[in-house]
Amino acid sequence: MKKLTLQNVLRMISGFLAFFLTIGFAISCCMMLFLNVLADTMNLTFTATNIAAAAKITLVNVLLIAVIFTLVDHIRRKISVDRPVKIITDATEKFMKGDFSVRISPMQGAGSEGFNQIIIAINSMAQELSGIETLRTDFVSNVSHEMKTPLSVMQNYGTLLQGTELSQEKRIEYAKGVTDASRRMADMMTNILKLNRLENQQIFSKMEVFDLGEQLCECLLQYESVWEKANIEIETDIAEDVKVKADAELLSLVWNNLFSNAFKFTEAGGTVSVSLAATSHHAIVKVRDTGCGMTPEIGAHIFEKFYQGDTSHSTQGNGLGLALVKRVVDIMQGEINVESTVGKGTTFTVKIEKV
């Protein structure tokens, strides 16, 4: 603090001297010009006494004006520079401590335009950092929660498997429980890594032209055993020769996740429909099911990571599938929408540019 105070005093003294010398030089030049013109026009002769008296008065005036100007400039700097700088500095120090809720109010008055531009940028940065911090906290919390369930299942089944009087049937049942839980956790880790790579653009699209209808059929056929086992009826209306230029591997993630969800939420005897239509510029894919449907409140969050609106099916997924779908569609510069009615089913519509 002493060093800072000394610096302020030295800065004030140097400012005063600068004002004093500038004003003294300006007034001296003006006085000399005035006296020379006065002496020439009125034929006056100035004595040493006159000049000495005028010089003393001029020196006092210069000192007085310099002091006033220095004080005015100091007050101006305090109001227009030091105060805004302190407000901005205090806010950034709070950001450094992790408080991203702070916002700086715009400055008022002349000369504040530059500070207001800085304030707008800082407030925008704080808002982005706040969102990132919230996502990070939620992500860690959700990952911990989602890992806890399969780990508990494996621990419980592992304890049961240590029993010495287990029948072969029970031993197989418990071993299958451990396998299913470990597979679920492995799938979750795989999806987390995929989503992380997609969000950080570490997966670069391998764009190629291919027939979208053929890809849809190939992906759908992978679930043949699922729909046959559940006695689910399949309806298809796929237009021919609809070609798109996209990353086929990434796009298959979209269809696999949408088909998986459709079969997961459709009861036995229900229907899953897949259609592909083409407009002049876009290919439009619709995946419809006659499952349980969802409320508008749930539909507003389904593309969020780890969100599972229907907890009765939580053991069949980890809430990352639709987040992956949304990210892939965004990378492909496409659109995805959902329409759903409770008790009647859900329809996902994906629109991407076609060749």
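Quick notes
- Carbon/sulfur fraction of accessible area - the stretch 254-300, other protein chains in place, 1.4 Å, %: 56
- Subtracting the Cα-Cα distance of Cys29 and Ala300 from 0.36 nm times their residue separation leaves 89.9 nm of extension gain.
- When DSSP beta bridges are restricted to pairs lying wholly in the stretch 202-277, around 45% turn out antiparallel.
- In this rough spin-label picture, where each label sits 7 Å from Cα along the Cβ direction, the Asp40-Val355 distance is 9.0 nm.
- Pairs with C-alpha atoms separated by more than 25 Å, drawn from the list Lys264/Lys286; Lys148/Lys206; Lys243/Lys264; Lys245/Lys286; Lys245/Lys326; Lys94/Lys148, are Lys148/Lys206; Lys243/Lys264; Lys94/Lys148.
The values are calculated or read from the model by the stated rules, or taken from the named source; none is laboratory data. Not measured: the values here are computed from a predicted model. Methodologically, a virtual Cβ is constructed for each residue, glycine included, from the backbone with ideal geometry; neighbour enumeration extends over all protein chains shown. Please note that ligands, DNA and RNA were not included when accessible areas were found on the heavy atoms of the full protein model with its side chains. Shrake-Rupley method; radii C 1.70, N 1.55, O 1.52, S 1.80 Å.
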